[in-house]
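Here's the structure we're looking at; comments come further down.
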Amino acid sequence: MAYRYFATPKRKFIIADTPGHVQYTRNMVTGASTADLALVLIDARKGVLEQSRRHAVIASLLQVKHLVLCVNKMDLVEYSQDRFDEICADFTEFATKLEIDDLSFIPVSALHGDNITTHSPTMAWYEGPTLLHYLEHVYIASDRNLIDMRFPVQYVIRPMSHEHHDYRGYAGQVASGALRPGDDVVVLPSGFATTIAGVDLFGGPVEEAVPPMSVSVRLADDIDVSRGDMLARPNNLPTVTQDVDAMVCWFSEQPLRAGATYLVKHTTRSAKARVQQLHYRLDINTLHRDEVHGSLALNDLGRVSLRTAVPLFVDEYRKNRITGSFILVDEGTFETVGAGMILGQTAP
């Protein structure tokens, strides 16, 4: 997987170029995990292939809200509108099985620059936006969760200097929602209630912090807060649980099996976790659930139930991509062996 950076007067972009082959599924999952938008390239001559469907499935699983199907090499099919419409219909039928909020189709020829930055006179029948225009104007601000306030504490700041001898701040990145001075908050797992006295950036205090800002939060009361704790609203709390149901993408050559133990890293909190059950392995090409397979191999995706040694403060991944995700780490090698998307709390 490679990253490329570019900017226009309207926006800055980071492109995660992920391979389409099945053996690189973990690369696709890694790239999609932080993406706002997915571009799926289709060869106009070959149409919708297995790897095209695989990309779309992974984008859907990772809750990428916007998906653009770029039908490339239109010059090799004589810029045929009928061929473009055929591919769009084929992919649309498949996409009905997925959770995709915004699906767009753009016919392009990368070789000649058709419909990349300017409209192509050879495809006058296409009346939609160019690819660059779409990327510059697609609305992504509402994709972030600005309702459920979640602030995982990463570090306690105590300068102990003459100028700041009483300063105590709790540093971290805002996962969702907004933090403002005067807001009521609850500290998890202790349950102590207090209010926000101030929110600081490096240059000084601010009136509001929203994702993905990294800030230091001062509380009105001197209570015990440390790394791994979380601030949330009193009437809007995450699920506090040791039993997690999740979809996992497996990164290791050593297979995942029920009964195995790993370290789980969820936001700023770490704990030991045991795989209680492997429910099924998901065939990402057909969406078939293989309930007979007893393990997850490298690049497999499957649904598992985990039991953690200490409670985690979680939300469903579809509601919150930060508090709804985690990684699994091998206890012996400290290798990252899996990435998970939380579906909810394991049923009793």
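Annotations for the structure displayed:
- Unit charges at the beta carbon, dipole of region 170-268: most positive-side option, VAL264, SER214, LEU188: VAL264
- Mean Cα-pair separation over length for the chain, i.e. relative contact order, pairs under 8 Å, 6 or more apart, %: 13
- Cross-link reach list, lysines versus LYS46, counting only Cα pairs under 17 Å and skipping chain neighbours closer than eight places: LYS73
- Set of lysines near LYS10 by C-alpha distance (under 23 Å), chain-local residues within fewer than 8 positions excluded: LYS65
- Enclosing the Cα atoms of region 88-246 in their convex hull gives a volume equal to 195 cubic angstrom per residue.
- Local net charge near ALA178, Cβ-Cβ under 12 Å (Lys/Arg +1, Asp/Glu -1): 0
- Net dipole in debye of region 166-268 [+1 Lys, Arg Cβ; -1 Asp, Glu Cβ; about Cα centre; nearest 20]: 280
- Of the peptides 53-64, 226-237, 322-333, the order by per-residue mean of other Cβ atoms within 10 Å, starting with the highest, comes out as 53-64, 322-333, 226-237.
- Kirkwood-type radius of region 231-336, with distances r between different C-alpha atoms, in Å: 14.4
- For the chain, the percent of C-alpha pairs falling in each 10 Å distance bin, counted from 0 to the bin holding the largest distance, reads 5, 22, 27, 23, 15, 6, 1, 0.
- Spatial separation of Cα centroids for region 177-196 and region 4-46, in angstrom: 37
- In this Cβ point-charge picture (+1 for Lys and Arg, -1 for Asp and Glu), the chain has a dipole of about 640 debye about its Cα centre.
- Note on region 1-138: Rg/Rh from C-alpha atoms, Kirkwood Rh, equals 0.94.
- Sites GLN276 and LEU111, calculated FRET efficiency, Cβ-Cβ separation with R0 45 Å, nearest 0.05: 0.30
- Dimensionless Rg/Rh of region 129-206 - Kirkwood Rh, Rg from C-alpha atoms: 1.14
- Proximal aspartates and glutamates relative to LYS272, as straight alpha-carbon distance under 18 Å, when same-chain residues fewer than 8 apart are discounted: ASP229, ASP243, ASP245, ASP330, GLU331, GLU335
- 0 to 90° range, to nearest 10: angle between helix 50-61 axis and the chain longest Cα axis: 30
- Relative to the longest principal axis of the Cα atoms of the chain, the long axis of helix 81-95 makes an angle of roughly 40 degrees.
- For region 6-100, the antiparallel share of DSSP beta bridges with both residues in that region comes to about 20%.
- Within the shell of other residues whose beta carbon sits under 15 angstrom from the beta carbon of ASP330, the net charge comes to +2, with Lys and Arg scored +1 and Asp and Glu -1.
- The helix-based estimate of mean residue ellipticity at 222 nm for the chain, built from -39,500 (n - 2.57) per DSSP H run of four or more residues and divided by its residue count, is -3500 deg cm²/dmol to the nearest 500.
- Whole-Å distance, taken between Cα centres, linking region 283-348 and region 51-126: 31
- Between ARG318 and ALA89, the simple label model (points 7 Å from Cα in the Cβ direction) yields a spacing of 3.0 nm.
Only the coordinates and a few stated rules stand behind these numbers; no lab work does. Values in this document were obtained by computation on a predicted structure and should not be read as measured data. A quick note on method: Cβ atoms are made from the backbone with ideal geometry, for glycine too, and the neighbour counts reach across all protein chains shown.
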